[in-house]
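Enquirer: Sharing a structure here in structure tokens format.
The values are calculated or read from the model by the stated rules, or taken from the named source; none is laboratory data. Note that the structure is predicted; figures quoted are calculated from it, not measured. Positions of Cβ are backbone-derived with ideal geometry, glycine not excepted, and every protein chain shown enters the neighbour counts.
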Amino acid sequence: MTEPNPPFVHDEANESTGFLLWQVTTLWQRKITAALRPFGLTQVQFVLLVGLLWLGMSEPLITQVMLATHTKFDAMMTSQVLRALEARGLVERRSHPQDSRAKILYLTAEGRALVSKALPVVDGTDTEFFERIGKDAAQFNATLRALLD
């Protein structure tokens, strides 16, 4: 008895957008993980620290919810990782002046210094990884932003 053909939409695996995105993301994450290793940071920790730095340029009070929304991370995971960053002395969480349920986030001097050292390394890793896109980088980024909307 022969088995029926699987219900693939594509003839080749590399024609699947989702599979290609998975493969590219996996390769990129390996590079970023290696770049962050000397700083003792995971990618999630780094993104939260950088997100906090970024939001701090325009927002006087940054809550955990704001940071989770900005980074597209789950609120529970954001809270757990922030606790670890707080234990390392990289972030402070304080009570919100108007909302007793919310926490306001601050980068400590140590957190700011660590991000300032790691950010150029990560940016360089990104530049090197995505250099094959070349002049199409702006369109690639626009396409990624469209997927976020």
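Enquirer: Does at least one position in segment 16-33 carry a residue that is among the small types (Gly, Ala, Ser), outside any helix (DSSP H, G or I) and farther than 20 Å from Leu107 by Cβ? Write out each step before concluding.
Expert: Kept after step one, since they are among the small types (Gly, Ala, Ser), are these residues of segment 16-33: 16, 18.
If we keep only those that are outside any helix (DSSP H, G or I) too, we end up with 16.
Applying the additional criterion that residues be farther than 20 Å from Leu107 by Cβ yields 16.
Checked segment 16-33: at least one residue is among the small types (Gly, Ala, Ser), outside any helix (DSSP H, G or I) and farther than 20 Å from Leu107 by Cβ.
Enquirer: Being at positive phi and either among the basic types (Lys, Arg) or in a helix (DSSP H, G or I) (or both) narrows it down to one residue among Gly124, Gly51, Gly134, Gly111; which is it?
Expert: Working: Gly124 fails: at positive phi; Gly51 fails: at positive phi; Gly111 fails: at positive phi.
Residue meeting the stated conditions: Gly134.
Okay, residues lined up against (1) out of contact with any helix residue (DSSP H, G or I) (no Cβ under 8 Å at 6 or more places or on another chain); (2) surrounded by 12 or more Cβ atoms within 10 Å (Cβ to Cβ):
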| position | (1), (2) |
| --- | --- |
| Pro4 | yes, no |
| Phe19 | no, yes |
| Trp22 | yes, no |
| Gln29 | no, no |
| Ala35 | no, yes |
| Leu41 | no, yes |
| Val44 | no, yes |
| Leu48 | no, yes |
| Thr63 | yes, yes |
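Enquirer: Oh, and also: Could you please tell me which pairs satisfy a Cβ distance under 6 Å, a separation of 6+ or placement on different chains, a first residue in segment 110-138 that is closer than 19 Å to Gln43 by Cβ and touching a residue at least 60 places away in the same chain (Cβ under 8 Å), and a second residue that is assigned to a helix (DSSP H, G or I) and charged (D, E, K, R)?
Expert: Going by the 6 Å Cβ cut-off, the qualifying pairs are Thr125/Lys31; Phe129/Lys31.
Enquirer: Just checking, does segment 65-84 include any residue being assigned to a loop (DSSP other than H, G, I, E, B) and farther than 13 Å from Leu48 by Cβ? Before you say what the answer is, go through the steps one by one.
Expert: Step one: filter segment 65-84 for residues assigned to a loop (DSSP other than H, G, I, E, B), giving 72-74.
Now narrow it down to the ones that are farther than 13 Å from Leu48 by Cβ: none.
Within segment 65-84 (the criterion being assigned to a loop (DSSP other than H, G, I, E, B) and farther than 13 Å from Leu48 by Cβ), the answer is no, since none of the residues qualifies.
Enquirer: OK, next. Condition first: more than 20 Å from the chain's Cα centre (by Cα), at pLDDT below 95 and of a type in the set (Gly, Ala, Ser). Now tell me which residues in segment 54-112 satisfy that.
Expert: Hits for segment 54-112 are Ser95, Ser100, Ala102.
Enquirer: Same structure, new question: Give segment 139-149 a look and list any residue that's assigned to a helix (DSSP H, G or I), under 21 Å from Thr71 (Cα atoms) and without any contact (Cβ under 8 Å) to a residue 12 or more places away in the chain, or say none. Give the steps one after another, and end with the answer.
Expert: Step one: filter segment 139-149 for residues assigned to a helix (DSSP H, G or I), giving 139-148.
From what's left, under 21 Å from Thr71 (Cα atoms): 140-148.
Passing the criteria: Phe140, Asn141, Ala142, Thr143, Leu144, Arg145, Ala146, Leu147.
Enquirer: Of all residues in segment 113-149 being in contact with a helix residue (DSSP H, G or I) (Cβ under 7 Å, 6 or more places away or on another chain) and not aliphatic (A, V, I, L, M), which is modelled with the lowest pLDDT?
Expert: Pass one, segment 113-149, residues in contact with a helix residue (DSSP H, G or I) (Cβ under 7 Å, 6 or more places away or on another chain): 114-115, 117-119, 121-122, 125, 129-130, 133, 137, 140.
Next, from what is left, pick out any that are not aliphatic (A, V, I, L, M): 117, 125, 129-130, 140.
On the way: Lys117: 98, Thr125: 98, Phe129: 96, Phe130: 95, Phe140: 92.
That would be Phe140.
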